[in-house]
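Visitor: Attaching a single structure in structure tokens format; questions to follow.
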Amino acid sequence: MNSRFLKKIYLLPKWLLELVSWGKSFKNNPIIGSFWLNRCGLHVARVVIAHGLFRFRLFLLSPLIPAEDRRHFRKYGFVLKRNFLSSDDFEKLAHELQNYEDGGREFVEGTTLTQRVFLTGAEREKMPSIRALIENPKLDRLMRYCSSKNRRPLYYVENLCNHANVVPRPDPQRDMHADTFHPCVKGWLYLDATDDLNGPFVYVPGSHRLSWRRLKWEYRQSLEASKRGEARDPQRYWDGSFRVTTADLEEMGFEPKALHVPANTLLVANVYGFHRRGEAREQSHRMTVWMQARDNPFNPLFTLWPRSTATMFEWGWSKVLQKLDKAKLASGEQRSFVGKFTR
Ligand SMILES: [Fe+2]
């Protein structure tokens, strides 16, 4: 037996586990990326099952939020709340974040410098307005419902510095894409108003739903992504976040919408729906409290303990981040900033 074969045997349990969880890499997982299996409908089957279970969990969690919000989320793929906090609470939050001094991670995409702070329990201890936001029952219930997992998300502060004086890199955020093959949500509370100057979030309303056209598109994309070697476009498909062209969007009957919103707007979006970061015309900033709630799409159940499960996820994700930090800092892909966010 040669060493490659032994390595495959060793990795098989990991690959199988990824197959029945959130694994999406067509490059790193030869089962997910198998041309033959995808020809037989593996990818499409994962998409359909994940969506069916998502809808089932949403149905059970219906009592968490008002019917109007549920309808909007199911129909368009996002919920948008202007003036989310009282102006007094919002001012306090903005002041707290602008005066945050402990630094964090930063990296470059395109010409944008992204500064991000992962809000662990220890960080939140120092941030009373962030604690109040996280304890806000409207936000809590909305995120627990939209994630379909009844769990609190992971919280970050994200500060985008558009047209920063950096060496440009490829920018995956500007391409219209779906984050992954299953429904999952991200949330943003905007500290700055967004417009064409600082790059609005662009979403394609309704593109989170499974239509026959979308399923055919998913099937075609899965075969493209399963190609090996020179046949595959190295930029586009390896990670399982499929990019979509304008022509494909038109064929599916979709129209992107740039969400120009005032400060103090909350947006919660299903990022299986197509989206991208809109262009920023000028050197500018865009700060948000950013929330992410990705979970195993094939687990039909949700937690009954939203807080303690969130604490467990936060602990686990901290460990993963620490590991990723080492590699990214060493390669120069990421660095640490000290002091305040750049504004
Ligand atoms: Fe995305």
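Readers should treat all values here as calculations from the given coordinates under stated rules, not as data from a laboratory. These figures come from a predicted structure and were not determined experimentally. Positions of Cβ are generated from backbone atoms using ideal geometry, with glycine treated the same way; all protein chains shown enter the neighbour counts.
Visitor: Please report Arg105, Arg169 as a ranked list, fewest other C-beta atoms within 10 angstrom at the top and most at the bottom.
Guide: Neighbour counts put them in this order, fewest first: Arg169, Arg105.
Visitor: Identify which of His163, His285, His177 has the largest mean-square fluctuation in a Gaussian network model of the chain, with springs joining Cα atoms closer than 10 Å.
Guide: Evaluated over the chain, the most mobile residue of the options is His163.
Visitor: Follow-up. Report, to the nearest 10°, how far helix 212-225 tilts away from the longest principal axis of the Cα atoms in the chain, using its own Cα long axis and a range of 0 to 90°.
Guide: Orientation of helix 212-225: about 70 degrees from the principal axis.
Visitor: What whole number of Å gives the distance from the Cα centroid of the stretch 174-243 to the Cα centroid of the stretch 302-343?
Guide: 23 Å
Visitor: Next question. Which order do the peptides 9-21, 247-259, 40-52 take when ranked by the mean count of other beta-carbon atoms within 10 Å per residue, highest first? Kindly include the intermediate steps, with their values, before the conclusion.
Guide: Values: 9-21: 12.7, 247-259: 14.8, 40-52: 17.3.
Going from most to least packed, we get 40-52, 247-259, 9-21.
Visitor: Further, regarding this structure: Rounded if a/c is under 1.5, else prolate if a/b is larger than b/c, else oblate: which is the chain, with a ≥ b ≥ c the root eigenvalues of its Cα gyration tensor?
Guide: Values: a/c = 1.43, a/b = 1.31, b/c = 1.10.
Cα axes put the chain in the rounded bin.
Visitor: Order 156-162, 219-225 from most to least packed using the mean count of other Cβ atoms within 10 Å. Please list the in-between numbers first.
Guide: Details: 156-162: 21.6, 219-225: 18.4.
Most protected by this proxy first, the peptides run 156-162, 219-225.
Visitor: Quick check on packing: order 326-334, 87-95, 113-121 by the mean number of other C-beta atoms within 10 Å, highest mean leading. Numbers along the way, then the final one.
Guide: Working: 326-334: 11.3, 87-95: 14.2, 113-121: 18.2.
Final packing ranking: 113-121, 87-95, 326-334.
Visitor: In sequence order, what are the phi-derived ³J(HN,Hα) couplings for the stretch 173-187 according to the Karplus relation 6.51 cos²θ - 1.76 cosθ + 1.60 with θ = phi - 60°, rounded to whole Hz, with x for glycine and proline?
Guide: Couplings: 6, 7, 7, 5, 7, 10, 5, 7, 8, 10, x, 7, 10, 10, x Hz.
Visitor: GNM on the chain, C-alpha springs below 10 Å: top fluctuator among Ala132, Ala280, Ala263?
Guide: Ala132
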